[in-house]
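Peer 1: Mind looking over this structure? Questions follow.
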Amino acid sequence: MAAADEVLVLGGGVIGLACAQALQARGVAVRLLERGRIGGETSRGNCGTLTPSHALPLAAPGMVRTALRWMLAPDAPFYVRPRFDPALWSWLLRFARRCDPALFRTAVAPKAALLKASQELLEALVRERGLDCGYVREGLLYAYRDPAVLARGIAHHALLAEHGIVVEPLDAEALQAVEPALRPGLAGGLFFPGDGQLRPERYCAELARVARADGACIEEDAEVVELAPVAAGWRVRLADGRCHEARRLLLATGPWTARMAARLGRRWPIQPGKGYSITYDRPSRPPRRPLVLKDRAVCVTTWADGYRLGSTMEFAGYDPHLNRTRLDALERGAAEYLREPVGPARREEWYGWRPMTWDDLPLLGPVPGAPGLWVAAGHGMMGVSMSAASAQLIADLVTGRPPLLDPAPYRPERFG
């Protein structure tokens, strides 16, 4: 039996690593267990954008109508594979009920608070600990082809100003001047100067580096096969037979959190939303900053040594296959907007599951009725963007300090 730690973190994606780093920096002894390689699942292939601009809830007015239309097309930005899955259909019904103007407006505040705080904390962490992760904060652009979609986007995103998030509408001429990589003839766009970007796989590696430097133990290829409460806290048993104990157990297992919690009799509505990306060598005329091609819901990110197209949302359970139709849709969508939509050579085709909750907020904090059990999961598409603030909030609550943010909106007990 290994010596007891103060906190066992299950999951070595961006949220688990950020929590481990924040806790260890406070002097809390942490052991992180990752079944594969750190940052090797959901975190590795995302577009690496840092987006207070995405504070508007996914459950927007009119989304049900749009989603129903998209569901008929396998290459649409949103797709539900037809199948018998009561948990998924219950999730979708709950989500649909939130597509209400009043709920939409009130739901902005907790999401915006987490995203804004995380942006500032992450920037400070990069600066103070020397994280080499390609961090840049030069804004993000939404580009629109359809004038009607642009008009709706301007109206919806005006809400962000109420939460201190700057948004600048651009007409067609201004959009072209700001981003010459775009094709002419677009309707216009929105510019979010407070957004940023990084290389997600490098960010994960750097979080692990500084956590280890502070004393954290991070184990890869450590698959948990059993977890149970014990007198001293919690015990986990690994596939190789080893066991670890700790006073607290933090579930940061992303889209697998619902399955892990089910072993403990908890039913959390976290669904795996499958996203895709294609990574290329850098094109000769790449965009200057991250783009979201809104009519096609394609994200475009350029780094000094690479280029990525990503996005889409597919509810197909835990199907472990690349869907060629959805990968091809990324390139077709980019071709409608960009002069040079793809790079000269493909490096990787990727998919990963996002942990989606129907209220579009993560579960952060202690689990009622289970002393010592904690959760940090359910960040949807915002794991990287919300990582630093989520970790800070967990560290505050564990150490008894005044919390960075009001923890109430993120408490796991809202799901029973």
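The values are calculated or read from the model by the stated rules, or taken from the named source; none is laboratory data. What you see is a predicted model; the values in this text were computed from it and never measured. Note that each Cβ is placed from the backbone with ideal geometry, even for glycine, and that neighbours are counted across all protein chains shown. Remember, those area values only see protein heavy atoms, side chains included, never the ligands or the DNA or RNA. Shrake-Rupley method; radii C 1.70, N 1.55, O 1.52, S 1.80 Å.
Peer 1: Around A316, what is the net charge, scoring Lys/Arg as +1 and Asp/Glu as -1 over all other residues with Cβ under 13 Å from its Cβ?
Peer 2: Value of the local net charge: +2.
Peer 1: Starting from the Cα gyration tensor of region 89-230, take the square roots of the eigenvalues, sort them a ≥ b ≥ c, and report rounded, prolate or oblate (rounded when a/c is under 1.5, otherwise prolate if a/b is larger than b/c, else oblate).
Peer 2: oblate
Peer 1: Peptides 222-231, 372-381, 199-208: what's the order by average Cβ count within 10 Å, highest mean first?
Peer 2: Listed from highest to lowest mean packing, they are 372-381, 199-208, 222-231.
Peer 1: What does the charge add up to near P74, with Lys and Arg as +1, Asp and Glu as -1, over the other residues with Cβ less than 11 Å from its Cβ?
Peer 2: 0
Peer 1: Based solely on C-alpha atoms, express the radius of gyration and the Dmax of region 5-54 in angstrom.
Peer 2: When restricted to Cα atoms, region 5-54 yields Rg and Dmax of 12.5, 38 Å.
Peer 1: Sticking with this structure for a sec: Taking the Cβ of R35 as the centre, find all other residues whose Cβ is under 15 Å away and add up their charges (Lys, Arg: +1; Asp, Glu: -1).
Peer 2: Summing Lys/Arg as +1 and Asp/Glu as -1 gives -1.
Peer 1: Sorted by mean Cβ packing within 10 Å, highest first, what order do the peptides 263-272, 26-35 take?
Peer 2: The most tightly packed comes first, giving 26-35, 263-272.
Peer 1: For region 97-149, list log₁₀ I(q)/I(0) at each q in 0.22, 0.28, 0.31 Å⁻¹, using the Debye formula over Cα point scatterers of equal strength and ignoring solvent, two decimals each.
Peer 2: -0.93, -1.05, -1.11
Peer 1: Okay, next question. Which one, A297, A113, A124, has the greatest fluctuation when you compute a Gaussian network model over the chain with C-alpha springs under 10 angstrom?
Peer 2: Comparing A297, A113, A124 in a Gaussian network model of the chain, the most mobile one is A124.
Peer 1: I'd like the Karplus ³J(HN,Hα) series for region 296-307: coefficients 6.51, -1.76, 1.60, θ = phi - 60°, whole numbers in Hz, and an x wherever there's a Gly or Pro.
Peer 2: Whole-Hz 3J(HN,Hα) from phi for region 296-307: 10, 6, 10, 9, 10, 10, 10, 10, 4, 10, x, 7.
Peer 1: Decide, for region 127-202, between rounded, prolate and oblate: order the square roots of the alpha carbon gyration tensor eigenvalues as a ≥ b ≥ c, take rounded if a/c falls under 1.5, and otherwise choose prolate if a/b is larger than b/c, else oblate. Each step should come with its number before you reach the end.
Peer 2: Details: a/c = 2.86, a/b = 1.61, b/c = 1.77.
Since a/c reaches 1.5 but b/c is at least a/b, the shape of region 127-202 is classed as oblate.
Peer 1: For the chain, give me every cysteine whose Cβ has no other Cys Cβ within less than 4.7 Å, ordered by residue number.
Peer 2: Cysteines of the chain left without a disulfide-compatible partner: C19, C99, C133, C204, C217, C243.
Peer 1: Put +1 on the Cβ of each Lys and Arg and -1 on the Cβ of each Asp and Glu in the chain; which of G188, W350, L121 then has its Cα farthest toward the positive end of the dipole?
Peer 2: So the residue we want is W350.
Peer 1: Further question on the same structure: In µm²/s, what is D for region 198-339 at 37 °C and 0.692 mPa s, where D = kT/(6 pi eta Rh) by Stokes-Einstein and Rh is the Kirkwood radius from Cα pairs?
Peer 2: Value of D from the Cα-based Kirkwood radius: 176 µm²/s.
Peer 1: What is the percent of Cα-Cα separations in the chain that go past 38 Å?
Peer 2: 17
Peer 1: Rg(Cα) of region 65-129 divided by 2.2 N^0.38 Å?
Peer 2: The value comes to 1.65.
Peer 1: Right, something else. Carbon and sulfur atoms: what percent of the 1.4 Å accessible area of region 278-399 do they account for?
Peer 2: On the way: 1950 of 3840 Å².
Its accessible area is 51 percent carbon and sulfur atoms.
Peer 1: Note the direction-averaged projected area, equal to a quarter of the hull surface, for the Cα convex hull of region 277-416, in nm².
Peer 2: Result: a mean projected hull area of 11.0 nm².
Peer 1: How much accessible area per residue does region 261-361 have, counting only protein heavy atoms and a probe of 1.4 Å, in square angstrom? Don't skip to the answer; put the middle values down first.
Peer 2: Working: 3740 Å² over 101 residues.
Ligands and nucleic acids excluded, the figure is 37 Å² per residue.
Peer 1: Per the Debye formula with a single identical scatterer at each Cα and no solvent contribution, what log10 I(q)/I(0) holds for region 226-274 at q = 0.24, 0.27 Å⁻¹?
Peer 2: So the normalised log intensities work out to -0.96, -1.08.
Peer 1: Ok, one more. Given a 10 angstrom Cα cut-off, can you work out which residue in G233, G62, G45 is the most mobile in a GNM of the chain?
Peer 2: Top of the fluctuation ranking is G62.
Peer 1: Quick one: accessible area per residue over region 1-148, 1.4 Å probe, rounded to a whole number of Å²?
Peer 2: Computed with neighbouring chains in place, this is 43 Å² per residue.
Peer 1: Let me know the shape class of region 351-416, please: from the alpha-carbon gyration tensor, a ≥ b ≥ c as square roots of the eigenvalues, rounded when a/c is under 1.5, otherwise prolate if a/b is greater than b/c, or oblate. List each step's numbers first, then the result.
Peer 2: On the way: a/c = 1.91, a/b = 1.34, b/c = 1.42.
Here region 351-416 falls in the oblate category.
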